[in-house]
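The values are calculated or read from the model by the stated rules, or taken from the named source; none is laboratory data. Keep in mind that what you see is a predicted model, and the values were worked out from it rather than measured. Cβ sites come from the backbone with ideal geometry, for glycine too, and all protein chains shown count toward neighbours.
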Amino acid sequence: MNSLPRLVDTHCHIHDSEFYDASAREKAYQESVKNGIAMICVGTDLRSSRQALEFARMHDFAWPVVGIHPHDAATNNVEELRQLVADNRDEIVGIGEIGLDYFYDNSPRDIQQGVLRRQLEVARDFNLPISFHVRDEKAAAGAVWADFWPIFDEFKGLRGILHSFTDSEENLQHGLERGLYVGVNGISTFTKNKNQQKMFNQIPLERLVFETDAPFLTPVPFRGKVNVPAYVGKVAEFQARVRGISLDDIARITTANTRTLFGVHYARGTTSHHRISSFRKS
């Protein structure tokens with residue numbers, strides 16, 4: 001292992017055969033582990049959720065999160081998801097990627113909202129954190145959040161991450177007030193939007209986690225390449241630089257945040273949630 005501090009990519013899709021063939025998946029995984037990076041593999045439907053679970057079983061430094069993305073809300077069965085969680089509760093560390101997407105509207109909004117509610121029930125019933133996907137429509141900024149926050153507030157004790165968050169400081173504060181963590185990825189390294197840049201700097205360190213969303217949103221300096229979890233190190237380096245703190249410190253803090261939220265640790269043993277694994281020592 002090289003000198004890069006230990007990090008966790010809290011949101012990637014390298015397990016998903018839609019995006020990576022078997023060889024590419026294994027190469028991406030090995031490159032990440034070599035660089036001291038573990039990963040949380042996030043499902044978007046029943047198929048990819050099962051693949052996340054299988055991938056994690058075969059790889060010590062990957063953990064599965066399962067769920068139905070709003071794009072797929074109309075074509076997936078939440079009861080099947082509930083059963084998947086019930087059958088594999090000791091291995092699954094979260095529910096996601098779930099939420100509302102009014103940008104593409106691939107599923108009708110009423111169905112998105114209903115599927116979100118039912119998945120929040122699953123997260124509540126199994127005491128699992130959530131990876132939230134919330135994306136606004138083009139024409140009416142704020143419409144998705146006007147629906148999302150009331151649904152969130154119907155449930156008590158939810159915890160999770162606003163995945164790939166790029167919205168307003170106002171919605172950032174709404175999330176922080178509700179105890180949510182904020183997932184920052186490659187967008188932070190290349191956005192020219194001054195409001196986004198300012199918002200990223202307002203995320204408290206104690207609520208910050210890093211992600212890639214691989215294969216998407218590749219950070220600078222790898223723009224144009226397929227994203228992999230190893231590149232989360234570049235996100236960490238960028239955030240450390242703009243915040244004026246050391247890479248060691250931001251890695252330590254964000255990894256501790258990930259441990260707190262998902263219950264993952266790097267020493268072999270068990271937690272109340274699942275099998276856990278350790279980074280190999282150099």
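Based on what the data block shows, is Val242 at pLDDT 95 or above, touching a Pro at 6+ places or on another chain (Cβ under 7 Å) and either assigned to a helix (DSSP H, G or I) or surrounded by 15 or more Cβ atoms within 10 Å (Cβ to Cβ) (or both)? No, not satisfied. The residue pairs whose first member lies in segment 235-256 and is farther than 23 Å from Ser164 by Cβ, whose second member is assigned to a helix (DSSP H, G or I) and of a type in the set (A, V, I, L, M, F, W, C), and whose beta carbons are closer than 8 Å, counting only pairs six or more residues apart or on different chains, are Ser246/Ala240; Asp249/Ala240. Screening the candidates Glu18, Glu97 for the property of being closer than 29 Å to Lys138 by Cα, surrounded by 23 or more Cβ atoms within 10 Å (Cβ to Cβ), modelled with pLDDT of 95 or more and among the acidic types (Asp, Glu) yields one hit, Glu97.
Would you say Thr10 is part of a loop (DSSP other than H, G, I, E, B), within 19 Å of the chain's Cα centre (by Cα), polar (S, T, N, Q) and at pLDDT 95 or above? No. When Gly160, Gly114 are screened for being under 19 Å from the mean Cα position of the chain (by Cα) and of a type in the set (Gly, Ala, Ser), only Gly160 passes.
Residue check: is Gly183 in a strand (DSSP E or B), under 16 Å from the mean Cα position of the chain (by Cα) and of a type outside the set (Lys, Arg)? Yes.
Kindly provide the set of residues from segment 118-146 that are in a helix (DSSP H, G or I), exposed (fewer than 13 other Cβ atoms within 10 Å of the Cβ) and among the charged types (D, E, K, R), ordered by number. Step through it out loud before you land on a result.
Looking only at segment 118-146, we keep the residues that are in a helix (DSSP H, G or I), and these are 118-126, 143-146.
Pick out the ones that are also exposed (fewer than 13 other Cβ atoms within 10 Å of the Cβ) and you get 125, 146.
Result: Asp125, single match.
Entry remark, segment 1-32: residues being farther than 11 Å from Val228 by Cβ and either without any contact (Cβ under 8 Å) to a residue 60 or more places away in the chain or out of contact with any Asp or Glu (no Cβ under 8 Å at 6 or more places or on another chain) (or both) number 15 in total. Residues that are surrounded by 22 or more Cβ atoms within 10 Å (Cβ to Cβ) and of a type outside the set (S, T, N, Q) were ranked within segment 153-166; the one that is farthest from Asp125 (Cα to Cα) is Phe165.
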